[in-house]
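Quick notes on the structure that follows.
The values are calculated or read from the model by the stated rules, or taken from the named source; none is laboratory data. If you're wondering where the values come from, they're calculated on a predicted model, not measured in any experiment. In this analysis, Cβ positions are derived from the backbone assuming ideal geometry, glycine residues included, and neighbour counts consider all displayed protein chains. Heads up: the accessible areas ignore ligands, DNA and RNA and are worked out on the full protein's heavy atoms, side chains in. Shrake-Rupley method; radii C 1.70, N 1.55, O 1.52, S 1.80 Å.
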Amino acid sequence: MITIKAVIARDCAEGEMPPKIHNLIKLANRCGLYNKMTDEQLSLIDKLNPLNIEARYPEYKDEIAATMSKESCMELIEQAKEIICWIKKQL
């Protein structure tokens, strides 16, 4: 989730780049958001983490996509919008 990296980038020294990782839990821990999140937000990050995989693993993405319904995807999207708004407020 790019908004977590925005928090990290804000706190980076000039010229320093955010880490090239995709693990949302590690990123949230690194920037201090993890300890501020509610149990509901942490649960969402846990659900989104396997979906936030690098593009070089298309077969893994296909496996995950096959297990999700349109309804569950729409629910995750709505929840993700809420947490993105919350993260933006932390900036």
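Here is how the numbers come out for the structure above:
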item: The chain: C-alpha gyration tensor shape, a/c 1.5 cut-off, then a/b vs b/c; result: oblate
item: Unit charges on C-beta of K, R, D, E only; dipole of the chain, Debye; result: 340 debye
item: Å² per residue, accessible surface of the chain at 1.4 Å; result: 70 Å²
item: Dimensionless Rg ratio for region 1-54, taking C-alpha atoms and the 2.2 N^0.38 Å reference; result: 1.12
item: Relative contact order [Cα under 8 Å, 6+ residues apart], the chain, whole percent; result: 35 percent
item: Percent carbon-and-sulfur accessible area, the chain, ignoring ligands, DNA and RNA, probe 1.4 Å; result: 54 percent
item: Accessible-area ranking of Ile25, Ile8, largest first, probe 1.4 Å; result: Ile25, Ile8
item: Acute angle (nearest 10 degrees) that the helix 2-11 long axis makes with the longest principal axis of the chain, alpha-carbon atoms; result: 10 degrees
item: Listed peptides 60-71, 39-50 by packing density, highest first (mean Cβ within 10 Å); result: 39-50, 60-71
